[in-house]
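Only one structure is covered here, and it is reproduced in the block below.
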Amino acid sequence: MKQGKFILILFVIVMLLSACTPTPTIEKVKVTFIGLDGSEISNKEVGKGTTITPPTLESTEEYLFHGWSLNKDGKELFDSSTPITSDTTLYSVWIRIYKDTENKLVYQENKDGTLTVVGLINTSVMAACNIPEMFAGKTVTTIADAAFSPYIREITIPKTVTSISDAAFVYCYHLGSIEVSKENTCFKIIDGALYTMDESKLIYFPVNNFKMVGDTPQAIVEYTIPNSVTEIGGYAFSNNKNLTSITIPDSVTTIGEGAFYSCGSLTSITIPQSVKSIGEGAFNVCSSLNSINVETDNRFYKSKDGVLFNIEGTKLIQYPISKEGNEYIIPNGVETIGQFSFYGSHNLTKISIPYSVTAIDYKAFGFCLELPEIEIPNSVESIGGYAFHYCEKLTSIVIPSSVTSIGERAFFQCDKLLEIKINKPEGTLDGAPWNAENATVIWQNET
C-alpha cells in the first residue's frame, strides 16, 4: 500500500515539474516572395534551419515562370533543399516569350537579350519554316530541343544562328531539306545533312534526305559519314526509315544520345576502334537491327554475338531488336542492364538474368511484348522506372529481398500482371504496385 502511495506521489511530482518546465520555442524566420512586377505577392514564416518548397506561379501569355532566385537578376535558381537560416527574399524568375505570327514561331528571350526558337504557333499546317535573323529588335541565335513539328518539310536557318540543340529536329518525321545561309559562320550543309562549319560534328541527317538522279529525287539509303567527323550528335539520324546502311569512319570518337533512334531500316552497324563514348539509347527502337559490331581493337566497347557491351563486360548496353532467336541468356559478369537495352525486343519470350546483375536500368525491358515471365535474381538491388513498361504478357513476378529500390511506373501498362510477390517485410519498398493496376501485392519474408 505504501509503495502504491509512493508511486502516486512521484507521478504527481513529475507532472508538476513538467507543467512548470517551459516549452522550448522554435525561432521563426520570414520568407518573402516577389512577383513578376517586383512587388511582394506573399510571405511565410518557417522554422529557422528548415527548408521550404516555394509556390509555382502561373505563366502568362508573355512570360514563362522559371523558378525562384535569391538574387534579383535570377542568374542562379534557388535550391529548395537549402535550409532557411534568416529572413529571406525570393525573387520569381521569368522567361520572356515572343510569338512571331508572320513566321509562326515561338521564341524565348535569353539572358543576353537574344532569342531562342522553342516551338511553333500552329504545328498542324506548317510545311516550310523560315527562321528570321531578327524579331522584335532582337537577334535569333539559338534553336532549342524539339523546336519543330512532325509536319515540317523544309527549314531555313539564317546567318545569326550560332547554337543548335542536339534534339532540335527530333520530331521532324517528314523533314527533307535544311538550308543554311551562306553567311552563317557556324553551320553548313553537306549532302543535305547539317554539320558544324569545321565538319567535325554531324548534327542532323534529315529523315527524307534525297539525292537527284537526273531530274528525279531519290531517297538516300546508304550513307558514309565523312572522315572529318569526330562526333555524331544526339538524335542525328533519329526516325530515319530509309537508311539501310550507315558507315562510321574511324575518326569518330563520340556517338550522342539517341543518335540512331528509330532507324527502322538499319540492319547492322559497325562501331570503329576510335569510339570512346556512346550515349544512352543510341540504337534504341531500331526495329530491323540484328547486330551491333565493334572493331576488335576498340578499348571502350565490345560486341558478343551482335550484342553491345562495355569493354569490361559489366554493362549490357544494347540488344538488337531483330536479333535472331526468341531466348537470350545474359552473360555472367554483367552487373548493369542498361537503359533501353532490351526495349522493344518483341521476339524474346525468355530472358535469363545471371546472379552478377545488381541493377536493371530505366526502361530496360519496356515493350518486350512476348515476355510472359522473368526471374529476377537475389542479387539485383535496383530496378529503374518503367523497367517493364508494357510487357503485356507478363502475368506474375517475384521481387527478391536484395532489391532496395524500384523506380516509378516500373510495371506501367502491364495489364495482365496479376501478382507481385515481394520477398521483404510489408512496406519496406516504396511505390508498390508501381502502376500495375490489376496486380495484387503479396509481401512475404523469404523462408
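Filtering Ser251, Ser303 for residues that are in contact with a Ser or Thr (Cβ under 8 Å, 6 or more places away or on another chain), surrounded by 15 or more Cβ atoms within 10 Å (Cβ to Cβ), part of a loop (DSSP other than H, G, I, E, B) and not assigned by TED's automatic domain parsing to the domain that holds Pro377 leaves a single hit, Ser251. One residue stands out among those in the range 107-126 that are crowded, with 17+ Cβ neighbours inside 10 Å and of a type in the set (A, V, I, L, M, F, W, C): the one that is modelled with the lowest pLDDT, which is Met126. Between Val307, Val285, the distinction of being more than 22 Å from the chain's Cα centre (by Cα) and closer than 20 Å to Gly256 by Cα belongs to Val307 only. Residues that are among the hydroxyl-bearing types (Ser, Thr, Tyr) and in contact with a Pro (Cβ under 9 Å, 6 or more places away or on another chain) do not occur anywhere in the range 197-216. Taking into account only those residues within the range 12-47 that are assigned to a loop (DSSP other than H, G, I, E, B) and at pLDDT 85 or above, which is farthest from Trp68 (Cα to Cα)? Only one residue fits best here, namely Glu27. Here the condition is being at positive phi and either assigned by TED's automatic domain parsing to the domain that holds Val380 or polar (S, T, N, Q) (or both); of Asn290, Asn239, it holds for Asn239 alone. In the range 127-155, of all residues being of a type outside the set (Gly, Ala, Ser), in a loop (DSSP other than H, G, I, E, B) and buried (at least 20 other Cβ atoms within 10 Å of the Cβ), the one that is modelled with the highest pLDDT corresponds to Ile131.
Restricting the range 195-249 to residues that are of a type in the set (Asp, Glu) and over 15 Å from Ala259 (Cβ atoms) leaves a set whose member that is farthest from the chain's Cα centre (by Cα) is Asp215. For the range 399-414, the tally of residues that are over 18 Å from Ile337 (Cα atoms) and buried (at least 16 other Cβ atoms within 10 Å of the Cβ) stands at 3. crowded, with 16+ Cβ neighbours inside 10 Å and without any contact (Cβ under 8 Å) to a residue 12 or more places away in the chain: does that describe Lys315? Spelling it out, it is not the case that Lys315 is crowded, with 16+ Cβ neighbours inside 10 Å and without any contact (Cβ under 8 Å) to a residue 12 or more places away in the chain.
The values are calculated or read from the model by the stated rules, or taken from the named source; none is laboratory data. All of these numbers come straight from a predicted model, not from anything done at the bench. Note that each Cβ is placed from the backbone with ideal geometry, even for glycine, and that neighbours are counted across all protein chains shown.
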